[in-house]
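Written out below as structure tokens is the structure these notes cover.
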């Protein structure tokens, strides 16, 4: 951190506030906040946190600026098109407030790097726009005991909430899985690229996220802990919904760091109709690898048999009774056409949930042999 003495002149209007004062400004200067996503929500959140004097701000974003961003992501200009958002955001924020430390991560947050990055900060602002990132951030923060200031926008409506915040009060802290225990299927909830968004809306919601962050850090006001605030821009309606921590959703969380690293969040958030299906090309890539268990769910005596792949057989009619024999973390089931294997995949998911990665061979062995014959021609 560059300086532990706040500039009175820079922050005078905040320091004058009753209940804030120099003590609040010192708390901001000592705080470390990670903003994941430097887009519509991240831009206003970053600008106001930097201006307010948050001492260390991390920015995670692997994306580059495009012209479609500019109607809502006003931290960037046409001269930035094609350049990395994280680096441009850092440059602009440093000009806004050179007294703070800004760290840019031009990378995608994954199970491989999330815990190490998030652990360096006091709290996280989730300014992402997809479900796989939100579940990943949530699970990492639960493991690390870090609060999340969550935000989301679509069309004319936005949401803000504080999740996974542990206080001295005995009330259990809710997390994102208490709000959405299971991800919606594809097409059920559209993102901004699909549904559109009013340009000013992310500015409003991102500013709210910054406000809630400042309240948490300084201890002023009543933050939205375990509460989702929804704002509708066309009517200016605001309403709040309380989130209750649910003991049943705890089983959906990775139990430890090893389980977290094994999670495939892109797969987890895929459509319910195809989330288990793996195509032939990807099936061939993972077949015969040590960490994959391949299971034929056809009935005994069905042909053709596979000679090139290591597998064993559990007929679908006997599948539930023999699930205990499946030991590996990654499972691929197949049948003749892919229909019975999808049933088996759902049985596996009902049994193991997210503790195992489950696939069903799309098109089954019939399609696999067709593909093999085509390759030989």
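In the stretch 276-298, the residue that is surrounded by the most Cβ atoms within 10 Å (Cβ to Cβ) out of those that are in contact with a strand residue (DSSP E or B) (Cβ under 9 Å, 6 or more places away or on another chain) and in a loop (DSSP other than H, G, I, E, B) is 276.
Condition check ((1) touching a helix residue (DSSP H, G or I) at 6+ places or on another chain (Cβ under 7 Å); (2) on the phi > 0 side of the Ramachandran plot; (3) at pLDDT below 95) across all residues:
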position	(1), (2), (3)
139	yes, no, no
149	yes, no, no
154	yes, no, yes
161	no, no, no
166	no, no, yes
169	no, no, yes
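I'd like to know if the stretch 345-361 contains one or more residues that are surrounded by 15 or more Cβ atoms within 10 Å (Cβ to Cβ) and more than 25 Å from residue 263 (Cα to Cα). Checking the stretch 345-361: not a single residue is surrounded by 15 or more Cβ atoms within 10 Å (Cβ to Cβ) and more than 25 Å from residue 263 (Cα to Cα). The helices (runs of 4 or more DSSP H) falling completely within the stretch 1-120 that include 1 or more residues that are under 16 Å from residue 210 (Cβ atoms) map to 8-15, 21-30, 42-52, 85-96.
On the stretch given as the stretch 85-109, residues that are under 13 Å from the mean Cα position of the chain (by Cα) and surrounded by fewer than 16 Cβ atoms within 10 Å (Cβ to Cβ) total 1. You will find that of 28, 22, 46, 16, the residue that is in contact (Cβ under 8 Å) with a residue 40 or more places away in the chain and more than 11 Å from residue 86 (Cβ to Cβ) is 28 and no other.
This table checks each residue for (1) in contact with a helix residue (DSSP H, G or I) (Cβ under 7 Å, 6 or more places away or on another chain); (2) more than 18 Å from residue 357 (Cα to Cα); (3) in contact (Cβ under 8 Å) with a residue 24 or more places away in the chain.
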{"position": "255", "(1), (2), (3)": "no, no, no"}
{"position": "262", "(1), (2), (3)": "no, no, yes"}
{"position": "268", "(1), (2), (3)": "yes, no, yes"}
{"position": "280", "(1), (2), (3)": "yes, no, yes"}
{"position": "309", "(1), (2), (3)": "no, yes, no"}
{"position": "338", "(1), (2), (3)": "yes, no, yes"}
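Taken together, the criteria place residue 264 among residues that are within 24 Å of residue 113 (Cα to Cα) and either at pLDDT below 90 or surrounded by fewer than 19 Cβ atoms within 10 Å (Cβ to Cβ) (or both).
Could you check the stretch 212-247 and list, in sequence order, the residues that are touching a residue at least 24 places away in the same chain (Cβ under 8 Å) and either exposed (fewer than 12 other Cβ atoms within 10 Å of the Cβ) or not assigned by TED's automatic domain parsing to the domain that holds residue 157 (or both)? Result: 234, 244.
Remark: residue 271 falls outside the filter, which requires a residue to be over 34 Å from the mean Cα position of the chain (by Cα) and either modelled with pLDDT under 90 or surrounded by fewer than 18 Cβ atoms within 10 Å (Cβ to Cβ) (or both). Among the residues of the stretch 135-147, is there at least one that is surrounded by 23 or more Cβ atoms within 10 Å (Cβ to Cβ), in a helix (DSSP H, G or I) and in contact with a strand residue (DSSP E or B) (Cβ under 6 Å, 6 or more places away or on another chain)? There is at least one residue in the stretch 135-147 that is surrounded by 23 or more Cβ atoms within 10 Å (Cβ to Cβ), in a helix (DSSP H, G or I) and in contact with a strand residue (DSSP E or B) (Cβ under 6 Å, 6 or more places away or on another chain). Scanning the stretch 299-334 for residues that are more than 18 Å from residue 348 (Cα to Cα), surrounded by 14 or more Cβ atoms within 10 Å (Cβ to Cβ) and touching a strand residue (DSSP E or B) at 6+ places or on another chain (Cβ under 7 Å) yields a single hit, 309. Specify the residue that is surrounded by the fewest Cβ atoms within 10 Å (Cβ to Cβ); the eligible residues are those in the stretch 178-210 that are at pLDDT 95 or above and more than 21 Å from residue 235 (Cβ to Cβ). It comes out as 210.
The values are calculated or read from the model by the stated rules, or taken from the named source; none is laboratory data. Remember, predicted model here, so these are calculated numbers, not experimental data. Every residue, glycine as well, gets a Cβ built from its backbone with ideal geometry; the counts of neighbours run over all protein chains shown.
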